[in-house]
1. Being aliphatic (A, V, I, L, M), under 17 Å from Pro180 (Cα atoms) and assigned by TED's automatic domain parsing to the domain that holds Pro125: is that true of Ile58 here?
2. Answer yes or no as to whether Ala68 is under 26 Å from Pro161 (Cα atoms) and either among the hydrophobic types (A, V, I, L, M, F, W, C) or not assigned by TED's automatic domain parsing to the domain that holds Ser123 (or both).
3. Could you check segment 82-111 and list, in sequence order, the residues that are free of Cβ contacts under 8 Å to residues at least 24 places away in the same chain and either of a type in the set (Gly, Ala, Ser) or in contact with a Leu (Cβ under 7 Å, 6 or more places away or on another chain) (or both)?
4. When you scan segment 181-291 for helices (runs of 4 or more DSSP H) that lie fully inside it, which ones turn up with 1 or more residues that are out of contact with any Ser or Thr (no Cβ under 8 Å at 6 or more places or on another chain) and hydroxyl-bearing (Ser, Thr, Tyr)?
5. Checking Thr241 against (1) under 21 Å from the mean Cα position of the chain (by Cα); (2) closer than 23 Å to Gly202 by Cβ; (3) not aliphatic (A, V, I, L, M), which single condition isn't satisfied?
6. Enumerate the pairs (first residue in segment 219-230 and in the same structural domain as Gly256 (by TED's automatic domain parsing) and closer than 18 Å to Leu260 by Cβ; second residue anywhere and of a type in the set (A, V, I, L, M, F, W, C) and part of a helix (DSSP H, G or I)) with beta-carbon separation below 6 Å, excluding pairs fewer than 6 apart on the same chain, so at least 6 apart or on different chains.
7. Hey, which of the strands (runs of 3 or more DSSP E) in segment 13-78, taking only ones fully inside, have at least 3 residues that are under 26 Å from Asn140 (Cα atoms) and touching a residue at least 40 places away in the same chain (Cβ under 8 Å)?
Amino acid sequence: MAGAALLDRVTRGDHVCWIVDDETARLDTLAGVVLAGLRECDRVIYSGADPDGMISGIERRGVPVAEAVASGSLRTSTVESTFLVAGAFDPAAAFACLQQEQEEARRDGFAGLRLIADMSWASRPLPGAEHLPRYEAELNSFFAEGYLLGVCAYDRRLFDPLSLRRHAGAHPGAAGTGMPFDPGSTLRIRRTRRPYGLRLEGEADMFNRQALSTVVARLVDELPADGHAVVDVSGLRFADTAAAGILAQAADRAEGRLRLVGSSPALIRLLDFHGSRLGQDQKSDVARNSA
């Protein structure tokens, strides 16, 4: 199937902007994502303008639709019942809907929840649509918990390049024609509990800085009054100066209660460039570990 491998490496916790420009590849990829979800005992929810058309398309590609729908493993909804209640985009209402779906999936015993959304509606001048990029970015803290997997399909033929770039930047990862989702070249963000903090893997750069910024800011905002946070960056194979600046600013806000572990020499130099104490702390850790 053409395009079937575009999203075959996504896992729970990923939030991907999928740039669509071909109908055959779109249905091939959807079939692959849905099949993988069913095999991994996830509930799969598709939201779009034509749920029936999507169902017919993936059924022709071998997805056991009738069985999945009957078991509650596959659900569909229209954008009017998810994103556009009362004809406008309301971030609070959309978030409440997402929370409800997650709670219900957990209660029903599913291992995870896969959300696939056709975002074509956002290309129209609808009330509240201007809040979508911020909403998508803030959702990354929700995905970082590791139960949800989100794929947001943006049709390149409907969005101008600037708005498409703005929407894509709210996601830690991206995929499109000729560019399969690659965990090594995207940013994976996961919350940790022991210790309280985050684990970052892949690449943190200009394409996902908004996603990183919102998650790190939320981490600091939710710091217990007498608690500390640890950000494990040992899995980062690249971080640009903007990513280092985001970490440095978060450390300033946390007033000494945020610590990095696993920084590369390149990241330490960038932290020093920003005048952050984090760079000095990492040098001390490296010296201590090598003694």
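1. In short, no.
2. In short, no.
3. Answer for segment 82-111, where residues must be free of Cβ contacts under 8 Å to residues at least 24 places away in the same chain and either of a type in the set (Gly, Ala, Ser) or in contact with a Leu (Cβ under 7 Å, 6 or more places away or on another chain) (or both): Ala86, Ala92, Ala93, Ala96, Gly109.
4. Per the criteria, 209-221, 241-254, 277-290.
5. (1)
6. Once the first residue is in the same structural domain as Gly256 (by TED's automatic domain parsing) and closer than 18 Å to Leu260 by Cβ and sits in segment 219-230, its partners that are of a type in the set (A, V, I, L, M, F, W, C) and part of a helix (DSSP H, G or I) give Val220/Ala250; Val220/Ala254; Ala229/Leu219.
7. Output list reads 15-20, 42-47.
The values are calculated or read from the model by the stated rules, or taken from the named source; none is laboratory data. Quantities reported herein were computed from a predicted structural model and do not represent experimental measurements. Every residue, glycine as well, gets a Cβ built from its backbone with ideal geometry; the counts of neighbours run over all protein chains shown.
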